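What follows is calculated from the coordinates using simple rules that are stated; it is not laboratory data. Just so we're clear, the structure is a prediction, and the values are computed from it rather than from any experiment. Every residue, glycine among them, receives a Cβ derived from its backbone with ideal geometry; neighbour counts consider all protein chains shown.
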Amino acid sequence: MTDPFSLGRRGLFGATAAGVLAAPFLMNRAAFAQADPKTDAAMSPAMKTNGFKIGTFAVTVISDGTRVSEKPQETYGTNQTPEAVAELLKANFLPTEKFVNGFSPTLVDTGSDVILFDTGMGEGGRKAGAGQLIAGMQAAGYSADQVTIVVLTHMHGDHIGGLMEGGQPAFKNARYVAGQAEFDFWKDPARAGTPAEGGHKGVLEKVVPFAEKTTFVGDGAEVAPGITGMAAFGHSPGHMIYRIESGGKALILTADTANHFVLSLQRPDWEVKFDMDKAAAAATRRKIFDMIATDRLPFVGYHMPFPSVGFIEKLDQGYRFVPETYQFEI
Ligand SMILES: [Zn+2]
């Protein structure tokens, strides 16, 4: 049988008996993967939000959207054989030719501050169905104007894309927090003419305008009472993660420490195309997820499948992602 993800519209409306029979079952997924961008926007997971409490803090994870990409083995396990990557995907009931990546910014309402961690793709991603953060926030009862602090875990496009909206600050009452090492790297004119040039330009356009309102931080920085930054370098030169603590409970926002719930967690040492320092990223993955597993903490992973919250079990070679179910409801 052919991979349902590869079935185009022609296949859906084909004249064969098999095509007709298969059509209702395949419609949603095939349409999701194949539709034109306008239709994608309508089908994007806008308004997907997940709210829960950590002590007295209200945490809301918001889906900014998802993206379907081809050939997972060209992004994950790039130092492995394509067969090894396919085998691990199959063992986890996942397709081998395409994968879905989600984007999940997180809002933490401490009672004194409304703190947004990362801003999604913004208007640049909207044609492809992403850029749904503000719509999702509104569905969860928050306006963009209520945000008092925007924290950038790092400065890749899917995290800083939502800082501006129509040439204006999207969160006009906010101050900003970002990693010093991250900013220094991307802002540096030495990035011109290197593979980081696109990111450099993005930071000049999206982040530099806010520099005067930004507190640049490093390992151990306190963003607000109960919210502490931790250096987690590797994915990018100054990638930071955050510990959220209230009323004796804790949650880790792991940002892009792991980018796929199977390929990056079950095989933390496999190289990932988007990890800029691959060895440092792998070492950081092990350090952070060892801690999360040992302390039995919940975490939000920016690219974990929505609702993007789970726990970690340590296995022989790596880790198992245990998605949250009702842990925060009772
Ligand atoms: Zn990312």
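What angle do you read, to the nearest 10 degrees and between 0 and 90, between the alpha-carbon axis of helix 17-34 and the longest principal axis of the chain? Rounded to the nearest ten degrees, it is 20. Restriction of the trypsin sites (Lys or Arg not before Pro) in the stretch 233-330 to DSSP coil positions whose beta-carbon has at most 12 other beta-carbons within 10 angstrom yields Lys273, Arg296.
Our compactness index for the stretch 11-323, the C-alpha radius of gyration over the empirical 2.2 N^0.38 Å, is 1.00. Residue-wise HN-Hα couplings along the stretch 209-224, as the Karplus relation 6.51 cos²θ - 1.76 cosθ + 1.60 with θ = phi - 60° gives them from phi, are x, 9, 4, 5, 9, 10, 9, 8, 10, x, 3, x, 5, 9, 7, 7 Hz; Gly and Pro carry x. Each part reduced to its alpha carbon centroid, the stretch 249-284 and the stretch 114-169 end up 23 Å apart. Cα-based radius of gyration for the stretch 171-302, normalised by 2.2 N^0.38 Å, reads 1.11.
In the chain, the longest principal axis of the Cα atoms and the axis of helix 82-91 are about 90 degrees apart.
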